[in-house]
Amino acid sequence: MSFIIVYITYSNEKEAKKIAMHLLKKKLVACANIFPIKSLYWWKGKIQGEKEVVCIVKTKKQNWKKVKYEVKKIHPYECPCIMKINVGSNKEFNDWIIKESK
């Protein structure tokens, strides 16, 4: 069985950690990694530049809709970035993701 990573951006680390903890407590994800980033993007007709935080969570493919729903439910952005990326890994890591995700 393979798993996915979900790439989610936030305005700050506090928000990223709050939502990552929410997903972990619900056992929807096995792991979350949080990184500072600099984003450039179009927003309402203008190019914007902001410091943001990205959270990458690891989970089973079948959890995608639940993870997306939970993030959208509490994410503060009007248009949050919630992207699914299909990935593969070594068997031991894959087995751990499956074991730790509901």
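Results, tabulated for the structure shown:
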read-out: Pairs, first under 12 Å from Leu23 (Cβ atoms) in segment 62-78, second part of a helix (DSSP H, G or I) and of a type outside the set (Val, Ile, Thr), C-beta under 8 Å, six or more apart; value: Val67/Leu23; Glu70/His22; Glu70/Leu23; Val71/Leu23; Ile74/Lys18; Ile74/His22; His75/Glu15
read-out: Residue in segment 29-54 that is surrounded by the fewest Cβ atoms within 10 Å (Cβ to Cβ), counting only those that are within 11 Å of the chain's Cα centre (by Cα) and touching a residue at least 60 places away in the same chain (Cβ under 8 Å); value: Cys31
read-out: Residue list for segment 67-102, filter: assigned to a helix (DSSP H, G or I) and closer than 15 Å to Ile5 by Cβ; value: Val67, Lys68, Val71, Phe93, Asn94, Trp96, Ile97, Ile98, Glu100
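Bear in mind that the values in this text are calculations on the coordinates, not laboratory data. Treat the numbers as computed from the prediction; the structure is a model and nothing was measured. Ideal geometry is used to build each Cβ from the backbone, glycine not excepted, and the neighbour counts take in all protein chains shown.
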